[in-house]
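**Student:** I'd like to ask some things about the structure below.
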Amino acid sequence: MEFRILGPLEVWDEGGEVTLGGPKPKALLAVLLLHPNEVVSADRLIDELWGEDSPERAHAALRVNVSRLRQALPQEALKTRSPGYVLRVEHDELDLHRFERLVDEGRGLRARGLAVEASERLRDALSLWRGPALSDFAYESFAQAAIARLEEIRLAAVELRVEADLALGRHRELVAELEALVTEYPLREGLRRQLMTALYRSGRQAEALGAYQEARRALV
């Protein structure tokens with residue numbers, strides 16, 4: 001079983017993509033995947049799934065959606081544990097866990113001066129992203145903080161990969177990528193610093209100075 005949240009929520013098994021039984025069971029799974037192997041209380045699940053619009057018999061409605069989700073998942077994956085439920089996720093079944101492991105490996109390789117291996121490992125990590133995390137829940141309140149946190153760790157991995165590529169002398173080929181990233185994330189100082197470095201090392205000192213001045217204006 002493979003759970004994917006680095007993009008639209010998907011579940012895959014040996015037979016292909018798993019149908020999750022409707023929007024509410026899918027949202028329920030999303031909440032549980034943000035807290036894998038942890039007990040999430042029924043009250044919290046109700047609040048996350050329905051908020052102020054929770055039905056009169058909210059606990060009964062939750063049990064119906066739990067039952068539907070259980071039909072889509074392997075037996076014993078979703079367990080009842082007082083005061084709620086726990087989703088059992090094995091090692092590397094969740095793409096986020098694989099991403100974090102690969103990033104940690106890449107960071108360790110970079111610290112040891114193995115820039116080639118670090119760059120490759122970090123590219124492997126970033127290749128797990130299929131778009132914005134949990135993009136099908138972009139407007140759901142329960143996902144907002146998680147989406148922001150996941151985007152932050154993705155950008156940190158991008159910066160780490162760029163650092164490895166800079167160490168490998170790939171300055172010229174990084175300029176266009178960094179210019180696009182700075183346009184998309186204008187207040188991210190690390191990306192602006194890396195753009196200035198790439199420009200300077202490419203022999204484009206005047207443009208590097210211009211990038212510095214633009215960074216000052218943007219950050220002020």
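**Student:** Given charges of +1 on the Cβ of Lys and Arg and -1 on the Cβ of Asp and Glu, with all other atoms neutral, how large is the dipole of segment 104-220 about its Cα centre, in debye to the nearest 20?
**Tutor:** Numbers: 18 positive and 19 negative charges, 88 e Å.
Charge dipole of segment 104-220: 420 debye, to the nearest 20.
**Student:** With every protein chain present, what is the per residue accessible area of segment 83-128 (1.4 Å probe, Å²)?
**Tutor:** It amounts to 51 Å² per residue over segment 83-128.
**Student:** Please give the calculated 222 nm ellipticity per residue for the chain, where each DSSP H segment of at least 4 residues contributes -39500 (n - 2.57) and the sum is spread over every residue; nearest 500 deg cm²/dmol?
**Tutor:** -19000 deg cm²/dmol
**Student:** If you don't mind, another one. Once ligands and nucleic acids are excluded and a 1.4 Å probe is used, how much of Thr19 is accessible, expressed in Å² to the nearest 10?
**Tutor:** 120
**Student:** Along the charge dipole of the chain, which of Leu199, Phe3, Leu96 sits closest to the positive end, that is, farthest toward it, with unit charges on the beta carbon of Lys, Arg, Asp and Glu (+1, +1, -1, -1)?
**Tutor:** Comparing the listed Cα positions along the dipole, Leu199 ranks first.
**Student:** Moving on. Given Cβ point charges of +1 (Lys, Arg) and -1 (Asp, Glu) and nothing else, what value in debye, to the nearest 20, does the dipole of the chain about its Cα centre take?
**Tutor:** 460
**Student:** Once neighbouring chains are kept in place and the probe is 1.4 Å, which whole percent of the accessible area of the chain is contributed by carbon and sulfur?
**Tutor:** On the way: 5690 of 11880 Å².
Summing carbon and sulfur atoms, their accessible area is 48 percent of the total for the chain.
**Student:** If I model a spin label at Trp12 and Glu189 as a point 7 Å from the Cα along the Cα→Cβ vector, what separation in nanometres do I get?
**Tutor:** 4.0
**Student:** Which whole-Hz ³J(HN,Hα) couplings does segment 134-146 yield from phi under the Karplus relation 6.51 cos²θ - 1.76 cosθ + 1.60, θ = phi - 60°, glycine and proline marked x?
**Tutor:** Couplings: 6, 4, 6, 10, 4, 10, 8, 4, 5, 9, 4, 5, 5 Hz.
**Student:** Follow-up question, since we're still on this one. Put +1 on the Cβ of every Lys and Arg and -1 on every Asp and Glu Cβ in the chain; which of Ala111, Val64, Ile46 then has its Cα farthest towards the positive end of the dipole?
**Tutor:** Ala111
**Student:** Using modelled backbone amide H atoms (1.01 Å from N, in-plane), which distant-in-sequence or interchain residues come within less than 5 Å of Gly84's amide H?
**Tutor:** Sorted by chain and number, the residues that satisfy this are Ala42.
**Student:** Between Asp92, Asp53, Asp165, which gets the highest mean-square fluctuation from a Gaussian network model of the chain, Cα cutoff 10 Å?
**Tutor:** With Cα springs under 10 Å in the chain, the top fluctuation among Asp92, Asp53, Asp165 is at Asp53.
**Student:** Given the protein chains as shown and a 1.4 Å probe, how many square angstrom of Met196 are accessible, to the nearest 10?
**Tutor:** The value for Met196 is about 40 Å².
**Student:** Report, to one decimal in Å, the Kirkwood hydrodynamic radius for segment 108-217 based on all distinct Cα pairs.
**Tutor:** 15.1
**Student:** Please express the Cα-Cα pair-distance distribution P(r) of the chain as a list of whole percents, one per 10 Å bin, running from 0 to the bin with the greatest distance.
**Tutor:** All Cα pairs considered, the percentages come to 8, 27, 27, 19, 13, 6, 1.
**Student:** Using θ = phi - 60° and the Karplus curve 6.51 cos²θ - 1.76 cosθ + 1.60, what whole-Hz ³J(HN,Hα) does each residue of segment 21-29 get, with Gly and Pro shown as x?
**Tutor:** Calculated HN-Hα couplings, in order: x, x, x, 5, x, 5, 5, 4, 4 Hz.
The values are calculated or read from the model by the stated rules, or taken from the named source; none is laboratory data. All figures in this text were calculated on a predicted structure; none of them were measured in a lab. FYI the Cβ positions are ideal-geometry reconstructions off the backbone, even for glycines, and counts take in every protein chain you see. SASA here: full protein model, heavy atoms, side chains in, ligands and nucleic acids out. Shrake-Rupley method; radii C 1.70, N 1.55, O 1.52, S 1.80 Å.
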